Amino acid sequence: MTILISVKKITGTVDEAGAATTAQRVGLLEVTNLCRMIMNQATVNAPVDKGILRGQHAMSVSTTRSKVTGKVVNRAKYAAAVHDGSKPHIIRARKKKALRFEVNGKVIFRRSVRHPGTSGRPWLVEAAQSVAAREGWRFKRTVV
C-alpha cells in the first residue's frame, strides 16, 4: 500500500514582533556564551608576571532592537601597552627625585631613562580569533 501526498502551496504568516523577540533572545544567548569563552581564553593567554593582568578581564553584553553587542576588555591600566606594545619613550621621575633600578646587581639612580619600547603581546585578539574560528564565527578586529 502506498500513500502519495502532494503539497502544491503552503502559506503562513510570521509574527514579526515574536520573531524579533525570539531572535534577540537567541542572539543574546549566543553572544553571551561567545564572550564568556573569549574571556576565559584571554585569561589563559594573558602574559603573567604578578597575575594582575590576568585577573582584570571583564565582559559585557548589550542589546538594542536590531543588534546584540558583546565586549571583552581588560581593565588594568597598563593592558594596552602590553597588548599593543609601546614606542621608545623617556621615563621621568615624578613623585621622587630619581628612578631606582638595578643593572648587573648594582643599584643605579637616574632622573630619567630612555625606554626602548616593547613589542605587543595581543592575547585578547588571539583569544577572540581562536574562539571565533573554533565556534564557526567570523572574526573582525575593530579599534574603539
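Structure above, values below:
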quantity	calculated
One residue from SER130, SER119, SER112 being farther than 21 Å from LEU53 by Cα and hydroxyl-bearing (Ser, Thr, Tyr)	SER112
Tabulated pairs, segment 105-121, first surrounded by 11 or more Cβ atoms within 10 Å (Cβ to Cβ), second polar (S, T, N, Q) and not in a loop (DSSP other than H, G, I, E, B), C-beta under 8 angstrom, 6+ apart or interchain	HIS115/SER86; GLY117/SER86; THR118/SER86
Cβ pairs under 8 Å, 6+ apart, first in segment 36-54 and without any contact (Cβ under 8 Å) to a residue 24 or more places away in the chain, second assigned to a loop (DSSP other than H, G, I, E, B) and crowded, with 17+ Cβ neighbours inside 10 Å	ARG54/ALA46
Qualifying residue in segment 41-55 (condition: assigned by TED's automatic domain parsing to the domain that holds LYS140, exposed (fewer than 10 other Cβ atoms within 10 Å of the Cβ), small (Gly, Ala, Ser) and modelled with pLDDT under 90)	yes
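The values are calculated or read from the model by the stated rules, or taken from the named source; none is laboratory data. Quantities reported herein were computed from a predicted structural model and do not represent experimental measurements. Here Cβ is always computed from backbone atoms with ideal geometry, including for glycine, and neighbour counts include all displayed protein chains.
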